[in-house]
Every structure is written in C-alpha cells, then in structure tokens.
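Just so it is clear, none of the values below were taken in a lab; they were calculated from the coordinates. Remember, it's a predicted structure, so these values are computed and weren't measured experimentally. All Cβ positions, glycine included, derive from the backbone under ideal geometry; neighbour counts span all protein chains shown.
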C-alpha cells in the first residue's frame, strides 16, 4: 500500500512548530508502517498553488490513501485545491495545542482546522477518518493503525472480483444480494457463472492432470482412499476447474451454489472442494452466500489466513458458549489437530468429499456483513474458541463470545440476521468496525 502524507498550514500561526511536527509525522509513519510505502509532500502547503503541486506529486506516485496533517488552522481553499486533484480515502490528523493553559494566542489551532476540513469533505461526499494526538502516543498509533487498516481493506475490496457460481439455493433468501448496491456501497464486482459450466469443465479434465491436486487432498485429509475413487476424482477435477476459472478471470473470491446440483447432477459434495480453495488462497463460500464471501474475504485480508463460514447451531447456557458448524467446508489449517483431519461424506446426502475435524482453540473474531430491508449493516464481536472435540459431523467450533452466548443469540434472532457467520482467528474487531464506519453503514459491535 502507498500512503501519501501532506500538510497544510497558515503562515499567521506558528509555522516553525507546525513544520517540526510535520517532519515527526513523516518519520513516525515510516517507522510504524514499514510494510507500506510512504510518499511525503516536501513541505507544508500554505497556498492553494502549493496544495495543487503536492496533490500532483502524490497522484503521480499512485498513493492509495492520504494522511493529511492539518498543521495549523487553514480555510477551505487549501482543502478544495488539494482534493480537486486528488481523490483517495483520507485520514485527517489534528495536533494538540502546545500553548493551552498559557492564556496566550493559539499557536496552531490544528483541531479547528480538522473540523473545517471534515465539513468540506463531508459536503463533497468524500471518505475520511481522523486522529488526534502527537506522533508516538500509543492511542494515536492504535487509532492510526485501525484507520489505515480500514482504508486498505476498502481499497482492496473495491477492486475485488467475486465469482458467483450458480444462483442461491431454493428458499435461501439470506444468500440474495443487490448487485449494483453491493458495488456502490461495499465495492466488489460480481461476475456470474453457470454451474453446468463448471461441471462441464471438470468433466473434460484428464484424470492424470489432477494427480497433484489428489496428492494435496491426500496429504491434508486422512482416509481419502476409503472414499470411491470416482468421487475423489470429481472433487479434484472440480477444484482444478474452479482454480483455473479464478485464475483466468482474476476472481479473488467465490460464492458457490453447493446444493442440490452438486449432489444430484455432479455426484459429489462441494464442501471439500471449497475447503481446499480457501486453504490455497481463493476465498470460497457455500450456498452462493455473496455477503458471506465478502465477510470471509475481509477477515482473510485482515488476518492473512483462511476463515470459517458456518451456521450457529447450539448454545450451552452453563458454558455461555455457542457452536458453529458446517458440513465440511473449513480450510484444513484451521483444524485443532492436523493428524485427525479426515475425509468424510456429507451428513445428509452421504456423498464425499468433505473435510471432517474440530477447529482449533484460540482468540477469534466473529462477523457478518448483513443485508436486509435494503440496508447494509456489520455485526462484529470477539470471543474465545474452546478446546472442544468434533461435536457434529463436518466441522465444529465451540466459541465463548465475550458478550455471552445468550446475548449473541438474542442479537442474531431478534435482529433478523442471516444464518451464516464468519470466524477468523485473532483480534480484528477494531479494524473491521473501522471499515464499517468508513463505509457509512451501521456497525453493531457486541
């Protein structure tokens, strides 16, 4: 990610102190975000012409986001000059007033500058966040990391191509979506494909070309040889067909209609195929759950690891825990014990290949990008995945939410949320919430 840094000031204020702080911010950004490229405007802009020059410099460098230091109070002419030439998500930075308590003049009046900039950006429909404090303060570093994570996530999802394979299953209204609204408000571009296209492509793949895929599945799932060879071959070919499609079309995520056609027409379960795709970097949601796929992708980008799309199927009042389950679509690396991963069949349809194992314990983030009554909202919470055995056929994770199982269940049922949640290992509720706030949708943080 390329992060631009620009500073605006007014010569009637303490421009020397403002310039000193601007240099501190530049050093702070380079030290705090070594994985990003920081492109810094040479000096504070104090005229519209200088602001335009800095905008040209940052634009030609291809910055993805902007940290804008309101070094002192400025009027809107510098803001409009800068943003006429530059259109990227922005973090406004306000500095504490150094002369507070001295009963003297305002040396910077930086916070008021941010206030005026925020009004201007809001009025022009532009996205921004803000931070307040000195470089090096823990709170500033935390807030800046949170907001830059949100900007990065927004940038990536707005370039995401999401392949929808087939339509939603019959009666599965939670898998519905508004393609244009998704593109406008969240970012992903939908590309539609027919299930028969995938089935046909899988059927045309010579078995000897998928030996590497079969070996991968064999290394990840014990007992694969116990399943009918034709089922294993179909799974390997389908994985190959979907991988080739994603590579050719530049798809970063898939939402696949996994039933009934996979069972009835293709004579195989999609579960293990989707598990293998997610394990190998292609986010894949079952039941053609588009918003589930977007949630998976968002958490995968934040965590750098696969995520788990699941149903909430049980609650234990004594443990204050809930159980997340699905038929066998969990990425292999999420297993509690790699030696106990097993190839299985679908619990209802009795067809393979599924991935059967309990998920590992640890700190987790749970989330759902929800779409209901024409509006988006984002449910976010954290909890602890417990060290539990496999509780139902497929994949299970027993989780104790920080807010308690009953609170979560009440929120989901009374809130009319979709039946799928996404789980990722790690602490990502802050960054995910910041992303929702950046989008301007309702964030329900439990």
*Relative contact order of region 2-157, defined on C-alpha pairs under 8 angstrom at six or more residues apart (%)*: 25 percent
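Evaluate E = 1/(1 + (r/R0)^6) for residue 27 and residue 123, where r is the Cβ-Cβ distance and R0 equals 30 Å; express this FRET efficiency to the nearest 0.05.
Efficiency at R0 = 30 Å is approximately 0.35.
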*Within 10 Å, count the other beta carbons around each residue, average over each peptide in 329-337, 215-223, 37-45, and list them highest first.*
329-337, 37-45, 215-223
*How would you rank 435, 183, 259, going from fewest to most other Cβ atoms within 10 Å of each one's own Cβ?*
183, 259, 435
*First check a/c for region 244-319, with a ≥ b ≥ c the square roots of the eigenvalues of its C-alpha gyration tensor; if it is under 1.5, answer rounded, and if not, answer prolate when a/b is larger than b/c or oblate otherwise.*
oblate
*Relative contact order of region 161-445: what whole-number percent is it, with Cα pairs under 8 angstrom and at least 6 residues apart?*
18 percent
_Between region 374-394 and region 264-339, the Cα center-to-center distance that results, in Å_ = 10 Å
*FRET efficiency for residue 419 and residue 181, Cβ-Cβ distance as r, R0 = 25 Å, nearest 0.05?*
0.75
_Per 0.36 nm of contour for each residue apart, how much would the distance between residue 159 and residue 267 grow if the chain were fully extended, relative to their Cα-Cα spacing?_
35.4 nm
*Cα-based helix-to-principal-axis angle, 48-61 vs the chain, degrees rounded to 10*: 30 degrees
_Exposure proxy order (Cβ contacts within 10 Å, fewest to most) of 291, 189_ = 189, 291
_Principal axis dimensions, the chain - Cα atoms, whole angstrom, descending_ = 81, 51, 40
*Report, in deg cm²/dmol and to the nearest 500, the calculated mean residue ellipticity at 222 nm for the chain, where each DSSP H run with n ≥ 4 adds -39500 (n - 2.57) and the sum is divided by the residue count.*
-11500 deg cm²/dmol
*In whole angstrom, how far apart do the alpha carbon centroids of region 153-194 and region 245-260 sit?*
11 Å
*Determine the percent antiparallel among the DSSP beta bridges restricted to the chain, to the nearest 5.*
50 percent
*asked:* Highest mean first, how do 378-388, 309-319 rank when packing is the count of other Cβ atoms within 10 Å averaged over residues?
replied: 378-388, 309-319
_Difference of contour (0.36 nm per residue) and Cα-Cα distance, residue 36 to residue 340_ = 105.5 nm
*Any chance you could give the angle, 0 to 90 degrees and rounded to 10, that helix 229-249 forms with the longest Cα principal axis of the chain?*
20 degrees
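At 0.36 nm per residue, and after removing the present C-alpha to C-alpha distance, how many nm does the segment from residue 319 to residue 391 gain when stretched out fully?
Full extension from residue 319 to residue 391 adds 24.4 nm.
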_Acute angle (nearest 10 degrees) that the helix 15-32 long axis makes with the longest principal axis of the chain, alpha-carbon atoms_ = 20 degrees
